[in-house]
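The values are calculated or read from the model by the stated rules, or taken from the named source; none is laboratory data. Being a predicted model, the structure only gives us computed values, none of them experimental. Here the Cβ is made from the backbone with ideal geometry for all residues, glycine too, and neighbour counts use every protein chain on show. With ligands, DNA and RNA removed, areas are computed over all heavy atoms of the protein, side chains included. Shrake-Rupley method; radii C 1.70, N 1.55, O 1.52, S 1.80 Å.
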Amino acid sequence: MLQRLFGFKGGVKPQTHKAPSVQEPIAQAPLPARLYVPLHQSIGGAPTPRVEAGEDVLKGQLIGGADGWVSAAVHAPTSGRVVAIVDHVAAHPSGLPTLSVVIEPDGRDEWIARTPLDHRSLPPERVRELLRDAGVVGLGGAAFPSHAKLTAARSVPMEDLVINGAECEPYMTCDDMLMRERAEEIVRGIAIFRDLLGARRVLIGIEDNKPEAVAAMQAAVCGLAEDYEVVAVPTRYPAGGAKQLIRVLTGKEVPASKRSTELAVQCFNVATVYTAYRALAHGEPVVSRIVTLTGNVERPRNWEVRLGTPLGDLVALGRPKADTSRYLMGGPMMGFALPSLEAPVVKATNCIIAAAPTTFPASPPEMPCIRCGACAEVCPHELQPFELYWFARARNFGKTQEYYLFDCIECGCCSYVCPSHIPLVQYFRFAKSEIWAREREKNAADAAKARFELRNAREEREKAEKAERLARTAAARPAEKKPAPASAETVAGQPAAVPVDAAPAAPAVDAEAVKKATIVAAMERARAQREAAQPRNTEQLSREQQQEIAAIEARRARVAGDPPGTRTTRPGSAPPPAETGDS
Amino acid sequence: MITTLAIMALGAIVLGAALGYASIRFKVEGDPLVEKIEAILPQTQCGQCGYPGCKPYAAAISAGEADINLCPPGGMDGVRKLADLLGREVKPLEAEEKPKQVAIIDEQTCIGCTLCIQACPVDAIVGAAKQMHTVVEPLCTGCELCVKPCPVECIHMLPINENLDNWKWKYPVIEIRRAA
């Protein structure tokens, strides 16, 4: 099996420190007293809770339903009772809380009914749905929902499926141990992904410092008579980056503006493939993962840990040495210091490193950049970190984007080699999150502006409509008024006049018509009175009118003790003199 | 002499015609500067600048009637950007800079008078007469225009706390003690 390998530019070769944690096989971590399962463990929409406090759950029961397509479900890691659904500290550099389901295990660890399925007998859409509902996400650390990556681009038929077992990050051995111990299941799982994507060739990339894993995978591939190629790639950090591994194995360079599917390649982590296989062939959703616990501990090894296990409980299994000062999640290159050990294990937790001042000394003070260019030499994406640093430091974010800040994968090679000990990646992370925040603000401002303009337009339209309505009724009134008095006179004055018209009709209709006509006449009269009364209180009153008003005022004063009476007399009294006389 | 005059006159006519044509052909509708200024303003439509909305304030700045430091929601950052755009001096903000806020209606006290709904410039409050009202929080710009009209004082402004969605990596700080 001769495979031509390509290289990627840059990269570093840090000490791997992998040996201590591969001495013992993967062990099952014991059940903790309480599990804190965060609902939002993957990239994309936050799942909605599907259980309530006080409810009994079984292992594998859905507790958070996927919200939208780019989202993945969350399941109960063991059987027990949901104590609460509360905010609990997240495994995140900020230490901020996130909505989590707190489960008190009952100790039985009882599975929900599992239905094994064969992906070949199901339509591809159904398989993707199943993967989403089983909570299968990228376990390499990014936690991107896998089903969303399993659609081939419409224009290009999929050529290569890259299975990522490189595990380039120092200290980390969870994928290595998984490949050594569960190679057959991984190889069976690859078939699901290959069939969904319709890939012609499958390449399994493993760094050549893991010969046991390479051998195990090769044996499994031969054993299952598959035609996958297991390729040992040169050990160089960050060979396990998706774009780097694709480049090494296929020679294709994925540009920043494109997805790898558009170049007919897709890349998945071995642990992701394994969980996808368990989800379909065993009906077991993702409820646990393999975590490397290493560093300054007496017993470094890999543990299969239920998601939601507090990190404190996990760390205690390794018996950390007395001088351990802090814990890192992820690797030493890309990981972050955990703000609290109360945070739980999540799908993205691949490695926990106990750090002591001797093994991980505090970084020396930052010195000025001397423009040596060492960072640019090691950057695997061929960026110019020193330029990016300069602009990020000056908060010149437009310029950082011109220098392709968003192509940076934050691998940490530049910080690793910097002779001035500049925490370059921290500057880049700062610039990225600042740009994202500004974008959010800009979008919010645009939306607010659109709503404001819409509201103004609506108010304007309503005003115009009202004015138009008023104008229309005003125009209609005089037109109505002319025929109205005429009919009113004829109908009200001589009711006999109506039967002249209605005579040919039946007498019943006749009576009704009379009644209707009387009502119409009365209404017209009332309106005429109202209209006549409207322009009353102005100047240019004749003497007669003034006398009238005086009379009314006098009368009003007389009947002051009886307000309702006054009110009834007032409307009729003003305009027609005849009526005034009546009252 | 006459030839010279004729040539100069001809040149003037040709150039004048070209300029006249260009002024019609490439006429810019509206003031582009107003739009640029408006893009910097935070669009809260709060009127704290003394103008009825962000656009009128942008127009006033463009006309030279208003200063650039009257927008508290935009903060010093906004002032700096405006100064950059207009080539003016950066001035300290007239009012106090406040953290981003969101309006919250105490639904127990709300009497359903709809006054806040009418006051909201971005239609972020829902409710009907004699029905409880509530603020649609993602749409609220924190302009505080709904606080005053409320007859029962049931609207409060709450600062938006940091959460996982809006958390940002901090600017790397060099610890002086360690460096010393």
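Quick check: at a probe of 1.4 Å, how many percent of the accessible area of chain B sits on carbon and sulfur atoms?
60 percent
Semi-axes of the equivalent ellipsoid for the range B:101-159, please: Cα gyration tensor eigenvalues, times 5, square-rooted, ordered largest first, whole Å.
16, 12, 10
Using alpha-carbon pairs under 8 Å, 6+ residues apart, how would you state the relative contact order of chain B in percent?
Computed value for chain B: 16 percent relative contact order.
Using Cα springs under 10 Å in a Gaussian network model of chain B, which residue among B:Asp77, B:Asp165, B:Asp31 shows the largest mean-square fluctuation?
Looking only at B:Asp77, B:Asp165, B:Asp31, the biggest GNM fluctuation is shown by B:Asp165.
How are the alpha carbon pair distances in the protein assembly as shown distributed across 10 Å bins from zero to the largest one, expressed in percent?
So the P(r) values, bin by bin, are 2, 10, 15, 17, 15, 11, 8, 6, 6, 6, 3, 1, 0.
Taking each full run of DSSP H in chain B as one helix, which ones are at least 15 Å long along their axis (Cα atoms) and have mean Kyte-Doolittle hydropathy of at least 0.0?
Helix filter hits for chain B: B:2-25, B:75-86.
With all protein chains present, how much of the accessible area of the range A:157-283 (probe radius 1.4 Å) comes from carbon and sulfur, to the nearest whole percent?
Of the solvent-accessible surface of the range A:157-283, carbon and sulfur hold 47 percent.
Please work out the average accessible area per residue across chain A, using the 1.4 Å probe convention, and give it in Å².
49 Å²
How high is the FRET efficiency from A:Gln401 to A:Asn456, r the C-beta distance, R0 30 Å, rounded to 0.05?
Plugging the Cβ-Cβ distance into 1/(1 + (r/R0)^6) gives 0.30.
Work out how much length A:Ala475 to A:Lys516 would gain on full extension: take 0.36 nm times their residue separation and subtract the Cα-Cα distance, in nm to one decimal.
12.2 nm
Do any residues of the range A:450-479 lose at least 30 Å² of accessible area when the full set of protein chains is present rather than just their chain alone, and if so which, with a 1.4 Å probe?
The answer is A:Arg451, A:Phe452, A:Arg455 - residues whose exposure falls by at least 30 Å² when every protein chain is included.
May I ask you to compute the full-extension gain from A:Ala551 to A:Glu465, defined as 0.36 nm times their residue separation minus their alpha-carbon distance, rounded to one decimal in nm?
Roughly 26.7 nm would be gained on extension.
Roughly how big is the A-B contact, given as buried accessible area in Å² (both sides, 1.4 Å probe, nearest 100)?
The buried area between A and B, both sides summed, comes to about 2800 Å².
To the nearest 0.05, how large is the calculated FRET efficiency for A:Arg259 and B:His156 if R₀ is 45 Å and r is the Cβ-Cβ distance?
The computed FRET efficiency comes out at 0.50.
Between A:Ala143 and residues 5 or more places away or on another chain, which pairs have amide H atoms under 5 Å apart, with H built 1.01 Å from N, and which residues are they?
A:Gly138
Once you sort the root eigenvalues of the Cα gyration tensor of the range A:325-435 as a ≥ b ≥ c, which label holds: rounded (a/c under 1.5), prolate (a/b larger than b/c) or oblate (the other case)?
Prolate.
Cβ neighbours within 10 Å, averaged per peptide: list A:301-307, A:35-41 in order, most packed at the top.
A:35-41, A:301-307
If you restrict to DSSP beta bridges whose two residues both lie in chain A, what percentage is antiparallel, to the nearest 5?
That works out to approximately 60 percent antiparallel.
Applying 1/(1 + (r/R0)^6) with R0 = 45 Å to the Cβ-Cβ distance of A:Glu544 and B:Gln131, what FRET efficiency is obtained, to the nearest 0.05?
That pair, A:Glu544 with B:Gln131, gives E of 0.25.
Hey, can you find the accessible area per residue of the range B:32-86 for me, probe 1.4 Å, expressed in square angstrom?
The answer is 41 Å² per residue.
Using a 1.4 Å probe and counting only protein heavy atoms, arrange A:Met334, A:Met158, B:Met157 so the residue with the most accessible area comes first.
A:Met334, B:Met157, A:Met158
Taking all protein chains as present, what is the carbon and sulfur share of the accessible area of the range A:363-463, in % to the nearest whole number, probe 1.4 Å?
Heavy-atom surface of the range A:363-463 belonging to carbon and sulfur, 1.4 Å probe: 52 percent.
At A:Ala19 and A:Ser155, where each label point lies 7 Å from the Cα along Cα→Cβ, what is the point-to-point distance in nanometres?
So the two model labels end up 5.1 nm from each other.
Whats the longest run of chain B with zero GluC sites (Glu not before Pro) that are DSSP loop and have at most 16 other Cβ atoms within 10 Å?
Result, exposed sites excluded: B:108-152.
Would you mind computing, in nm to one decimal, how far apart the modelled labels at A:Glu410 and A:Asp106 are, each placed 7 Å from Cα along Cα→Cβ?
Distance between the two pseudo-spin positions: 4.1 nm.
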